[in-house]
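In what follows, a single structure is set out as structure tokens and then discussed.
Rule-based calculations on the coordinates, nothing more; no lab input. Just so it is clear, the model here is predicted, and its values are computed rather than measured. All Cβ positions, even for glycine, are placed from backbone atoms using ideal geometry, and neighbour counts span all protein chains on display.
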Amino acid sequence: MFFNKKGQDDKPEVVMLDTEVYSCNSCNGWMRKDFASSDLKCPLCGDETTAEMRELPQIL
Ligand SMILES: [Zn+2]
């Protein structure tokens, strides 16, 4: 038996939030603060990162 909820939007509205991220000083790599590595090094090249704010889709 299925209980399909109809009437929900096919395209959920994306909420953009100012999000703190760490962006790499050397390459285009960056990571959200919430998912940053403990040493705050770039996940791509291992270089230092700098904290900055970016407008990113909210993660639910
Ligand atoms: Zn990098």
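Before moving on, here are some points about what is shown:
- Charge sum, other residues only, whose C-beta stays under 15 Å from GLU20's C-beta, Lys/Arg counted +1 and Asp/Glu -1: -1
- Near ARG54, once Lys and Arg are set to +1 and Asp and Glu to -1 for all other residues with Cβ below 10 Å from its Cβ, the sum equals -3.
- Cα-derived Rg to Rh of the chain, Kirkwood definition: 1.25
- Longest site-free stretch - the chain; sites: chymotrypsin sites (Phe, Trp or Tyr not before Pro), DSSP loop, at most 16 other Cβ within 10 Å: 4-60
- Ranking of MET53, MET31 by neighbouring Cβ atoms within 10 Å, starting from the fewest: MET53, MET31.
- Across the chain, the relative contact order, built from alpha-carbon pairs under 8 Å that are at least six residues apart, equals 38 percent.
- Footprinting exposure proxy for VAL14, VAL21 (fewest neighbouring C-beta atoms within 10 Å first): VAL14, VAL21
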